[in-house]
1. Considering only segment 54-76, I want to know if a residue exists there that is surrounded by fewer than 20 Cβ atoms within 10 Å (Cβ to Cβ), free of Cβ contacts under 8 Å to residues at least 60 places away in the same chain, in contact with a helix residue (DSSP H, G or I) (Cβ under 8 Å, 6 or more places away or on another chain) and under 23 Å from residue 12 (Cβ atoms).
2. Would you tally the residues in segment 77-88 being touching a residue at least 24 places away in the same chain (Cβ under 8 Å) and within 14 Å of the chain's Cα centre (by Cα)?
3. Take the residues of segment 104-121 that are assigned to a loop (DSSP other than H, G, I, E, B) and surrounded by fewer than 19 Cβ atoms within 10 Å (Cβ to Cβ): which is farthest from the chain's Cα centre (by Cα)?
4. Determine which single condition residue 99 fails, assuming it passes every other condition in (1) in a loop (DSSP other than H, G, I, E, B); (2) modelled with pLDDT of 95 or more; (3) farther than 24 Å from residue 128 by Cβ.
5. Would you mind stating whether residue 101 is closer than 15 Å to residue 19 by Cα and surrounded by 17 or more Cβ atoms within 10 Å (Cβ to Cβ)?
6. Residues being crowded, with 18+ Cβ neighbours inside 10 Å and either assigned to a strand (DSSP E or B) or touching a strand residue (DSSP E or B) at 6+ places or on another chain (Cβ under 7 Å) (or both): count how many of those fall in segment 18-40.
């Protein structure tokens, strides 16, 4: 019986693009990504995103901290949808930011959660991302 090796090209690990600047919460997100087998890319300044940001790899999910100062959802959402039409867009924020959470939902986020909901469910959310 002969043994053959599979010399297929390696498949790139799916990634999550995190738009946020909370370093403490970012470490929790990073740990959840590791558990789920995902890479985490971080962009602290959403206004610095450009189509070139996605040329090397397309994220499976864009995760947005809706509490970011100076976050312009009216420009961010169309820019992401234009550059990455099929990417999932998930936003989270403090429950006291009810207007911002509602606005994100109205502008087309696929899911909007309070920070507590996201914190509780992030591993399951990340594990549900198709490979």
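1. For segment 54-76, residues surrounded by fewer than 20 Cβ atoms within 10 Å (Cβ to Cβ), free of Cβ contacts under 8 Å to residues at least 60 places away in the same chain, in contact with a helix residue (DSSP H, G or I) (Cβ under 8 Å, 6 or more places away or on another chain) and under 23 Å from residue 12 (Cβ atoms): present.
2. Of the residues in segment 77-88, 6 are touching a residue at least 24 places away in the same chain (Cβ under 8 Å) and within 14 Å of the chain's Cα centre (by Cα).
3. 107
4. Going through the list (1) in a loop (DSSP other than H, G, I, E, B); (2) modelled with pLDDT of 95 or more; (3) farther than 24 Å from residue 128 by Cβ, residue 99 breaks only (1).
5. No, not satisfied.
6. 7
The values are calculated or read from the model by the stated rules, or taken from the named source; none is laboratory data. This structure is a prediction, so every number in the text was calculated from the model and none was measured. Please note: Cβ atoms are built from the backbone with ideal geometry, for glycine as well, and neighbour counts cover all protein chains shown.
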